[in-house]
1. When the residues of the stretch 8-33 are filtered to those that are aliphatic (A, V, I, L, M) and modelled with pLDDT under 95, which remaining residue is nearest to GLN82 (Cα to Cα)?
2. Name the single residue that is most open to solvent (accessible area, probe 1.4 Å) among those in the stretch 64-120 being among the β-branched types (Val, Ile, Thr) and within 21 Å of ALA40 (Cα to Cα).
3. Where residues in the stretch 30-50 are open to solvent by less than 10 Å² (accessible area, probe 1.4 Å) and not small (Gly, Ala, Ser), which of them is farthest from the chain's Cα centre (by Cα)?
4. So which strands (runs of 3 or more DSSP E) stay within the stretch 1-98 end to end and still have 2 or more residues that are free of Cβ contacts under 8 Å to residues at least 60 places away in the same chain?
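The values are calculated or read from the model by the stated rules, or taken from the named source; none is laboratory data. Owing to the predicted nature of the structure, the values given are computational and were not obtained by experimental measurement. Cβ atoms come from the backbone with ideal geometry, glycine included; neighbour counts cover every protein chain shown. The area values use the complete protein model at the heavy-atom level, side chains included, leaving out ligands, DNA and RNA. Shrake-Rupley method; radii C 1.70, N 1.55, O 1.52, S 1.80 Å.
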Amino acid sequence: QVQLVESGGGLVQAGGSLRLSCAPSGRTFRMYNMGWFRRAPGKEREFVAAINWSGGSTLYTDSVKGRFTISSINAENTVYLQMNSLKPDDTAVYYCAAGRDRFSSRWNEYNYWGQGTQVTVSS
């Protein structure tokens, strides 16, 4: 079964940092665009960041620009989300996703999803 497996979530104080990782299980995702999305309690799924298959282009939602960095190591087939200066509003379940078609911030452009990892930022 094809899976994306996220790790690195946890509890951190406001202003702290976490690094999320996403690795495939069951297949590789070379030539796929990779994205991070999040869902906070009572809210809709929200785009956070994406990196295209070559690693040459990135997208970020405005609220995380300058604080979060998405990167990939193709040789490891792993995608990272470095999150700095975390705020309580960043509290959510973070999901990794992979898509083969258009490089986009739209969730429906992504075909494979992980189970999510919880990030909790205390004030």
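1. Ranking the candidates gives ALA23 first.
2. Once the filter is applied, the top-ranked residue is THR69.
3. Filtering the stretch 30-50 down to residues open to solvent by less than 10 Å² (accessible area, probe 1.4 Å) leaves 33, 35-37, 48-50.
Imposing the further condition that a residue be not small (Gly, Ala, Ser) reduces the set to 33, 36-37, 48.
Details: ASN33: 12, TRP36: 2, PHE37: 5, VAL48: 7 Å.
That would be ASN33.
4. On the way: elements: 3-7, 10-13, 18-25, 33-39, 46-51, 58-60, 68-73, 78-83.
Those strands (runs of 3 or more DSSP E) span 18-25, 46-51, 58-60, 68-73, 78-83.
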